[in-house]
Structures are given as structure tokens and as C-alpha cells.
Amino acid sequence: MGSITITVNRNGVFKKYTVPEHITVLEALEYINSNYGEGILYRSSCRSGQCGSCAMTINGEPRLACKTKVEDGMVVEPLEGFNVVEDLIVDRSPYYKKIQDLRNYLHCEGDKTNLKITPKDIKEFKSVRNCIDCLCCLSKCPARRFSQYPGPTFMRQLTRFAFDPRDEGDRDKEAYFENLHNCTTCAKCVEVCPKEIDIVHRAIERLRELAFKKGYYLRNHLIVRENILKGNRSVKKERGSFLEEVKEEYIADKEKMRLAFFTGCLVDYRLQDVGRSAIKVLNAHGISVVIPKDQVCCGSPLLRTGQRDLAEKLKRKNLKVFNNLDVDGVVTVCAGCGSTLKRDYREREFQVMDITEVLDKVPIEYKPLDIKVTYHDPCHLRRGQGIYLEPRRILKRIPKLELIEMEIPDQCCGAGGGVRSGKPEIANAIGRRKVRMICKTGADYVITVCPFCEYHIRDNLKKFDEEGGSLKVMNIVSLLDKVI
Ligand code: SF4
Ligand code: SF4
Ligand code: FES
């Protein structure tokens, strides 16, 4: 058996050790202690991914040491987001204190004989009960880090009780006052959860829906609702409408594909340039573009804020428009619209593709562009749709363009989940960290695919760029418009 080197962060001192390959991090720590005479402290119990005690930060991500294989150059650190007690042991007491405060038991008083749970209830919420208390989700949650938000697993636990017919507590109200609306729905908690619990869709959105019905919502989320009720768009019309300005069809020379363009609210009412560029770029790639004029908001801002009732109406309108078109699919230029159409439009009869997925499939030669860029992964594209290689491949095809990766390209910018509209101060606190990371790269531009991220990062660059605003944000289609 060969050997590899791993580094362990021991109270701020990074020490290198040679360990055998193909073993787990937990086995490596045991090996180091017995072969180097070290006494590295860490927690473990079940050794099989069941107790959650061995969570630590491994190569920057929260992972279970007993389920992670060692790799050469791996860095093992205590779980980020908690105070370190010693070596790899973190203080879990704030977690236990909080879970106790939330009354982590069925809350029912008086006669309990009529309160029954059915197999259907059990099945419905089985997944949110699978938690092993590893705290990985808390470790990386941006809302927890930048606000008085307890974190994803608490919302998961409140959901568990909220939907248990035996529980008489007002769990949605409790969640609301525990800052349920601080979550950006970035899905980092879902990505790192070893039990694959979909906290965003199974907990946060369900709790927000219950809370909304009882009148616990943020005032600005009602404004979004009013905008949609008045004009089918989540934002107010200011400088005209993209849909009113464009033709119904843009045919490409030597057509390779024919796609319907789902514009989204921001392209229609705010970022019309992005829409115009998208048509030009798609045509240059040999893709004909069909633009149905009666399309409406996809419903994402409503779904993310618990307003499913109205979102369902929008969905029905869009399905009527897009289900019967003579096209090869529907293309989106907004990460939020794309993930909503893919995930929440279950009845759709069409394929949905993000513009980067499409352009990557039918590459063309681009003109050189001598600039330095960094790329921001929108949460709803990276984690919502699993798309992160495609935009990078596209950028790398532009001669002379230099792509410099920032420290954590897929870290949330703070805009999503109704946080930018509902709690801008939190969106900006999260965005500020993103801006620092972007500016550190020394790039000329930060490129993204989502108009919501674009808008928010642009705003935050104006507020927080200490270099004086030389770095600009640009949508990937606006960039491609320059090189076709
Ligand atoms: S989706 Fe993001 S902000 Fe919301 S709870 Fe999960 S990690 Fe935190
Ligand atoms: S929800 Fe998942 S990541 Fe969070 S504590 Fe439970 S098992 Fe761990
Ligand atoms: S030791 Fe129990 S989950 Fe790793």
C-alpha cells in the first residue's frame, strides 16, 4: 500500500503527516496518533456515518471523517463556524442549548388520545427526521454566519413538529420569529448534509408557506405579490419591457436548434440588454429563438417566500404558453427561473436548459478578448441545476481571456430566497464577503449567469469595493455578445 501526506490543523498549527492511502480520515487520525505518538483530539463513535460526531472541515468542506477517504494534500480542520475546544473538537453546547430552547419534543397538553399520526404523515416527513446532528449544515450556512438565524437543522426540526398532527405548538410562528426569512435558499446545507436532507424544499419553503397562511410574512414580500397580481412580474415596470420591444421569432442561419426564450422578470423589466445579447448570441451559435409574448413570472419569488397559492396560477399560465410550442426546448437566462422550471413545473412537456448548457453543446469560435475575469456561481445554477462546468468551459474558449477563480466561487451572494427584497441588510452583509472575495482576484470583471446575482453584486460592488469601483459585474451573455 502506498502513502500520502495530509495536514491537520492543531489549534492553529498546520502539521503534515504521512499516512497510508485508501483509508478514511478517521482511520488516518488513529494511525497518526499510534504511529507518530501524537495525541490529536477528535470525536467519533459509530464509525459508520450514523452518529454525526466525527464531522470536521476537510478540504474546506464539512464532512464526516468516518465516511471520507484520505487524499494526498488533504487539509483536516475543526468544523468551521464553531469555537474550537482542542484540536478537532468544537464546542457543540450552543447547538444543544438552542435545540432545548426550541422545545425539542412533541408539544401537547391535556387529552392526547385524539392526536394521531398516520402512515401518510410519517412518509411525508420521513426525510426531515433523518438528521444525525453532525452540524455540517450549520457550519456553512451564510444566514447563520451573518445574522441572528439559528441555522438549517433547527428549521428542519421545527418543520418536523409543524407537520406532526400530535404537536400543538405554533411551530411556524416560532420559526418566523427565529428569522425563518433570513435563509437565502442557497442550498449549501443540502449540499453538505450527509443524510441528503433537502432542507430548502422540505423545511424552509414548507414552513414559509404555513407561516404565510397565518399572516407571518415580510412586508416587502407582499409588494412582490402585488407587483405580480398587477403586472405578472415580480418587479415594477420602469424603462419599458423587453417582451414588448422584441419580435416573436429570430431565425438563425443554418439552424441547429430552435428554442423558446423564457425571459424572467428582470430581463423583461430591468436588464433588457441581457435579453438582446442572449438573442444575438443564441443566433450566432445557430439557435433560432422563439419569444412567446404572453409568458409571465415563473413564480420563483413566490415559491421561495411561501406564496405557493399565486405561484401555482403563474405556473398554469406558463404551461399553457410553453407546452404546445413547436420547439426543441426552453432556454432560460436566469438561474432562479431555470431551477424553478426544472424542479417545480413537474407537468411541463418541454425540456428546460440554461443558456450556458445550450451554448456549451454547440460551441463556436469566439474572437479574442484580452481581459481578466472571475466567475460567480449562482446558487440556483450550481446547486439548483448542477451547472458549473459549462460556463467555465465557455469562458475558457475565448482566446486571450484569463479566468481567475475566486476563493469560494459558489458561495452565496446573499440575494436569493427573498432576502434581498425582505431583509436587505442581511443580503448586503452576505454580499460584502462575496465582494471582498471577488476584488481579491484582481480581475477586471466578475461574470455571472443570473440577473438577480448580477443586480445584487453590482449594488454591493458600489457599496463595498474598497478599490474604488474599477471591477465590474457582467452577465455571461453580455460578455459573449462582445466575442461573437
Ligand atoms: S439554504 Fe443556505 S441560507 Fe438557507 S439554511 Fe441552507 S445554508 Fe442556510
Ligand atoms: S440536517 Fe444534515 S447536515 Fe444538518 S445536522 Fe442534520 S444530518 Fe447534519
Ligand atoms: S463516527 Fe459516527 S458518523 Fe462518523
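Applying the condition of being surrounded by fewer than 20 Cβ atoms within 10 Å (Cβ to Cβ) and basic (K, R) to region 313-327 and asking which residue is farthest from the chain's Cα centre (by Cα) yields K320.
Taking the condition of being under 23 Å from H221 (Cα atoms) and either within 16 Å of ligand 3 (Cβ to nearest atom) or in contact with a Cys (Cβ under 8 Å, 6 or more places away or on another chain) (or both), how many residues in region 156-168 meet it? Of the residues in that region, 1 qualify. Look at region 398-419: where a residue is of a type in the set (D, E) and a partner is in a strand (DSSP E or B) and buried (at least 19 other Cβ atoms within 10 Å of the Cβ), sitting 6+ places away or on another chain with Cβ atoms under 9 Å, you get E402/V373; E405/T374; E405/Y375.
Yes or no, residue by residue, for (1) within 16 Å of ligand 3 (Cβ to nearest atom); (2) over 21 Å from N59 (Cα atoms); (3) outside the structural domain of I204 (by TED's automatic domain parsing):
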site: C137; (1), (2), (3): yes, no, no
site: Q148; (1), (2), (3): no, yes, no
site: F154; (1), (2), (3): no, yes, no
site: D170; (1), (2), (3): no, yes, no
site: A187; (1), (2), (3): no, no, no
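Of all the numbered requirements in (1) assigned by TED's automatic domain parsing to the domain that holds E174; (2) open to solvent by 30 Å² or more (accessible area, probe 1.4 Å), L102 misses one, and that requirement is (2). Taken over region 170-184, the criterion of being within 18 Å of Q157 (Cβ to Cβ) and either near ligand 1 (Cβ under 9 Å from one of its atoms) or touching a Cys at 6+ places or on another chain (Cβ under 8 Å) (or both) is satisfied by N182, C183. Within region 46-59, residues that are at positive phi reach partners that are open to solvent by 50 Å² or more (accessible area, probe 1.4 Å) and among the charged types (D, E, K, R) with beta carbons closer than 7 Å, at six or more positions or on different chains, in the pairs G49/K67; G52/D133. Would you call G240 open to solvent by 20 Å² or more (accessible area, probe 1.4 Å), without any contact (Cβ under 8 Å) to a residue 60 or more places away in the chain and closer than 21 Å to R458 by Cβ? Against the criterion (open to solvent by 20 Å² or more (accessible area, probe 1.4 Å), without any contact (Cβ under 8 Å) to a residue 60 or more places away in the chain and closer than 21 Å to R458 by Cβ), G240 qualifies. Condition test on G52, is it among the small types (G, A, S) and within 13 Å of ligand 2 (Cβ to nearest atom)? So G52 passes the test.
Each row is one residue, and each column tells you yes or no for (1) of a type in the set (S, T, Y); (2) within 9 Å of ligand 1 (Cβ to nearest atom); (3) buried (at least 18 other Cβ atoms within 10 Å of the Cβ).
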site	(1), (2), (3)
K123	no, no, no
C136	no, no, yes
S139	yes, no, yes
V192	no, yes, yes
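Return yes when R92 is charged (D, E, K, R), free of Cβ contacts under 8 Å to residues at least 60 places away in the same chain, away from ligand 1 (no atom under 16 Å from the Cβ) and farther than 23 Å from D170 by Cβ and no when it is not. When the stated conditions are applied, R92 passes them.
Screening region 39-78 for residues that are assigned to a loop (DSSP other than H, G, I, E, B) and among the hydrophobic types (A, V, I, L, M, F, W, C) and picking the one that is nearest to C136 (Cα to Cα) gives C54. Within region 267-281, residues that are assigned to a helix (DSSP H, G or I) reach partners that are open to solvent by 20 Å² or more (accessible area, probe 1.4 Å) and among the β-branched types (V, I, T) with beta carbons closer than 8 Å, at six or more positions or on different chains, in the pairs Y269/V235; K280/I484; V281/I484. Go through region 168-194 and report how many residues are under 23 Å from R382 (Cβ atoms) and of a type in the set (G, A, S). So the count comes out to 1. Condition check for K237 on (1) over 21 Å from M474 (Cβ atoms); (2) at pLDDT 95 or above: one failure, at (2).
Does P119 satisfy the criteria of being touching a helix residue (DSSP H, G or I) at 6+ places or on another chain (Cβ under 6 Å), assigned by TED's automatic domain parsing to the domain that holds E196, open to solvent by 10 Å² or more (accessible area, probe 1.4 Å) and within 30 Å of G306 (Cβ to Cβ)? Judged against the criteria, P119 is not a match.
Of everything in region 259-271 that is open to solvent by 10 Å² or more (accessible area, probe 1.4 Å) and not hydrophobic (A, V, I, L, M, F, W, C), the residue that is farthest from V483 (Cα to Cα) is Y269. The criterion of at least 2 residues that are among the polar types (S, T, N, Q) and either on the phi < 0 side of the Ramachandran plot or out of contact with any strand residue (DSSP E or B) (no Cβ under 7 Å at 6 or more places or on another chain) (or both) is met by the following helices (runs of 4 or more DSSP H) wholly inside region 86-146: 93-101. In this structure, I32 does not satisfy being farther than 20 Å from S139 by Cα and in a strand (DSSP E or B). Among residues of region 380-404 being hydrophobic (A, V, I, L, M, F, W, C) and surrounded by fewer than 16 Cβ atoms within 10 Å (Cβ to Cβ), the one that is farthest from D459 (Cα to Cα) is L389. Exactly one residue out of V330, V358 is touching a Phe, Trp or Tyr at 6+ places or on another chain (Cβ under 8 Å) and open to solvent by less than 10 Å² (accessible area, probe 1.4 Å): that is V330.
The helices (runs of 4 or more DSSP H) located wholly in region 405-484 that include 3 or more residues which are open to solvent by less than 10 Å² (accessible area, probe 1.4 Å) occupy 424-440, 451-464, 476-481. Considered as a group, the residues in region 44-80 that are buried (at least 16 other Cβ atoms within 10 Å of the Cβ) and farther than 15 Å from P194 by Cβ include one that is nearest to ligand 1 (Cβ to nearest atom), and that residue is E80.
The values are calculated or read from the model by the stated rules, or taken from the named source; none is laboratory data. In this text, all values refer to a predicted model and were calculated from it rather than measured experimentally. Every residue, glycine as well, gets a Cβ built from its backbone with ideal geometry; the counts of neighbours run over all protein chains shown. What goes into the accessible areas is simple: the full protein's heavy atoms, side chains included, and nothing from ligands, DNA or RNA. Shrake-Rupley method; radii C 1.70, N 1.55, O 1.52, S 1.80 Å.
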